[in-house]
Structures are given as C-alpha cells and as structure tokens.
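Accompanying notes for the structure given below.
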Amino acid sequence: MPVSIRPESFSLEEGFDPVRNQYNSTWILSKLLQEVPEEDCKILGVTSLDLFVPVLTFVFGEAQLQGKAAVVSSYRLRDELYGLPRNPERLRERLEKEAIHELAHTFGLVHCREPQCVMHSYTYAEEVDFKSKDFCSTCTVLLAQNKKQAAS
C-alpha cells in the first residue's frame, strides 16, 4: 500500500489525565480521525507518550477495529524504563511489531492465540520480543479476506 509520512501534530492537552499522568489513547484516536484526509485509507499515530485506556494500566497502542485510525507508543517499549541499557534497535523492532499489530486491527483482525503471530497480545515489553513481525497462516488468510471485502 502507498504510504505517506505526515509530521503534523496536534495539542494533546485534552487527552492528558493528570491523576494517571498518562494520555488517553482513545482520545488520541478521535483526534487522528479529524486529521486524516478523506482519500487516506488508514492513519497511524506514533508517539513517545505513556498511553492508557480506562480499563487498563497502560497500552502499547490502540486501534479502531475495522476503522481508519491506530496509535502506538514507544514509551513502555523502551528498555531503559525497566532499568536496562538503552537499545534503539530493540525499540525499533518492538515499535514496528506494535504498529503492524494495531494497523491490522483497522483491517478487522483481532488478537490471535498463536504466540509467534504479530496479532498475539502481550502485556510486557520483553514479551513483544517473542512474537514475529509476521501473521500466522490463519491471520494471513483473514487479513486478505478483510482487505478484499473493504476494497469491494
């Protein structure tokens, strides 16, 4: 799919929860939807902020299931947050996996039970290292079907 990088940003002040000292990822999704041009198929916001949804302590990202918007954050994927040495390559790999994961939600994929599948959901950053950047065979078929349905 064609991709364009838009370095635009918007104020996140309204999405900040001072009690939690985090940003509401669902609110960010709503802002991204206001920013996406009509002709764009999907939009992915990338941030270094600590994200949450009200029912969870934190999230690596969030997406609209079968929607247009997804957001990922590098904040909880950084080794140094856990007292380990900074590792930019590992951070890039984790962020890439989470971006693929969240964008796949916008194509209708849900979490997968296959531990190696990129659609498997993990709670801890180091667990993200166990999954691949690829879809399992079942998720590959589902993604192809969902993309085909969306195009028709």
TODO: Run the numbers on the chain and let me know its relative contact order in percent, using alpha-carbon pairs under 8 Å that are six or more apart.
DONE: 16
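As an exercise, use a Förster radius of 41 Å and the Cβ-Cβ distance of Q145 and V53 to find the FRET efficiency, rounded to the nearest 0.05. Can you show the working numbers first?
Numbers: r = 28 Å, r/R0 = 0.68.
So the FRET efficiency works out to roughly 0.90.
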Task: Computed over the range 69-152, Cα set: Rg, Dmax in Å - done: 13.8, 49
TODO: Could you work out the relative contact order of the range 22-77, using alpha carbon pairs under 8 angstrom and six or more residues apart, expressed as a whole percent?
DONE: 40
Open item on the list: Skipping prolines and chain starts, which residues have an amide H placed within reach, meaning under 5 Å, of the one on S121, given they are 5 or more residues away or on another chain?
Closed with: C112
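Dipole magnitude of the chain about its Cα centre, charges +1 at Lys/Arg Cβ and -1 at Asp/Glu Cβ only, in debye to the nearest 20?
On the way: 17 positive and 22 negative charges, 74 e Å.
So the dipole magnitude of the chain works out to roughly 360 debye.
Peptides 51-63, 99-111, 6-18: what's the order by average Cβ count within 10 Å, highest mean first? Working shown, then result.
On the way: 51-63: 17.5, 99-111: 19.4, 6-18: 10.4.
Output ranking for 51-63, 99-111, 6-18: 99-111, 51-63, 6-18.
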Open item on the list: Can you work out the Karplus-derived ³J(HN,Hα) for every residue in the range 125-138? Use 6.51 cos²θ - 1.76 cosθ + 1.60 with θ = phi - 60°, whole Hz, and x for glycine or proline.
Closed with: 4, 5, 6, 4, 4, 6, 8, 8, 8, 9, 8, 5, 4, 5
Open item on the list: Under a crude label model (7 Å from the Cα following the beta-carbon direction), how far is S9 from D79 in nanometres?
Closed with: 2.6
Task: Along each principal axis, Cα extent of the chain, largest first, Å - done: 45, 35, 29
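The numbers here are math on the coordinates, done by the rules we state, and not lab data. Owing to the predicted nature of the structure, the values given are computational and were not obtained by experimental measurement. All Cβ positions, even for glycine, are placed from backbone atoms using ideal geometry, and neighbour counts span all protein chains on display.
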